[in-house]
1. So for the pair L58, L44, with labels modelled 7 Å out along Cα→Cβ, what separation do we get in nm?
2. Could you list which residues have their amide H under 5 Å from that of T164, counting only those 5 or more apart in sequence or on another chain, with H placed in the peptide plane?
3. By how many nm would the segment from R225 to F126 lengthen if fully extended, with 0.36 nm per residue of separation less the alpha-carbon distance?
4. Around S272, with a cut-off of 13 angstrom between Cβ atoms, what is the net charge of the other residues, counting Lys and Arg +1 and Asp and Glu -1?
5. Enumerate the residues in the range 123-165 having an amide nitrogen under 18 Å from the point lying 7 Å beyond the Cα of K172 toward its Cβ.
6. By the scheme Lys and Arg +1, Asp and Glu -1, what is the net charge of all other residues having a beta-carbon under 10 Å from that of N178?
7. Could the peptides 275-283, 128-136 be put in order, highest first, of the mean number of other beta-carbon atoms found within 10 Å of their residues?
8. Kirkwood Rh and Cα-based Rg: tell me the resulting Rg over Rh for the range 138-188, rounded to two decimals.
Amino acid sequence: MQKEGDEIKEIIKEDIWGSIMEFLNTGFHIGEGEKSIHLTIGLLLLLIVSIVVTKFLLQWLRYLFTRKMEPEDKQKFTSVFKFINYMIYLVVVLVSLSAAGIDITLIITASAALFVGLGLALQEFFKDILGGIFIILDKSLQVGDVVDVDGKVGKVFQIKLRTTRAITRDDKIIIIPNHKFISDIMYNYTQNHKTTREKVTLGVAYGSDVELVTQILEQVAKEQRQVLKTPKPFVLFDDFGDSALVFSLNFYTNDSFGDPKIKSELRYKINSKFKENNIKIPFPQRDVHLFQHQQIQEK
């Protein structure tokens, strides 16, 4: 029994397994020893299996990272995953070539120099990509947000992986590199909620009835359609200025993007009400003193 078992093992080892190994080793064998190169069916099958396994593994990782994202955000990651796929496939091919006996040292050295050059040339590009990933993951910026970028106010209407696009108050498109949102200080007017507080600053002549000024400002704000009733608008007596008593009308609105138009309408109404109530808005005044110096000549 033991002898028969040994014979079966020998048959499997030499005949069946040997035939499989012979088939897998079929191909091109160039050179001898350490310098030899083997391009065989087994290597080709290994390469195909590695690529297939890598593909399924990458698809699983992609699903793992994007399963909780919105469909629009998933689409933004398409280019990132494609780039990662190409890099991993390149590694698989290099490992397979190394297994075939091909010296890949020169390829790796040339690739390293190439990638260093590309990294320096595309530094801003990769920073924008990382910024876009952070924006999508932490939801620090969303479509419809009103942002202040380098003194320009815009409403975001499109967020891509590399850039964000917003329309300014004068209907111009501003394209913002995403790295600015992680490296610079940006103002997002509507990050927490859509309501913002705005104000109109003005000055009245010294001697004006400050109580009447306050009542007029509150009434104007109350009658303005875009001004919210809650929270209630309020007036502050800000300062005793050089030429005027300085007041500010503070109000809340849901349209912070269009607040220049709201402020303009408020100023029109304030000016009209002040004229009706004989309240003066002074212009800056300066007193100029002239001193005449008399020359004294000594005799």
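Values in this text are rule-based calculations from the coordinates and carry no lab data. Bear in mind the structure is a predicted one, so any value in this text is a computation, not a measurement. Glycine also receives a Cβ, built like all others from the backbone with ideal geometry; neighbour counts cover every protein chain displayed.
1. 2.3
2. I176, N178
3. 31.0 nm
4. Details: positive: R267, K269, K273, K275; negative: E223, E265, E276.
Spelling it out: positives minus negatives among the neighbours equals +1.
5. The answer is 147-157, 164-165.
6. +3
7. 128-136, 275-283
8. On the way: Rg = 9.8 Å, Rh = 10.8 Å.
When Rh is taken as the Kirkwood radius, the ratio is 0.91.
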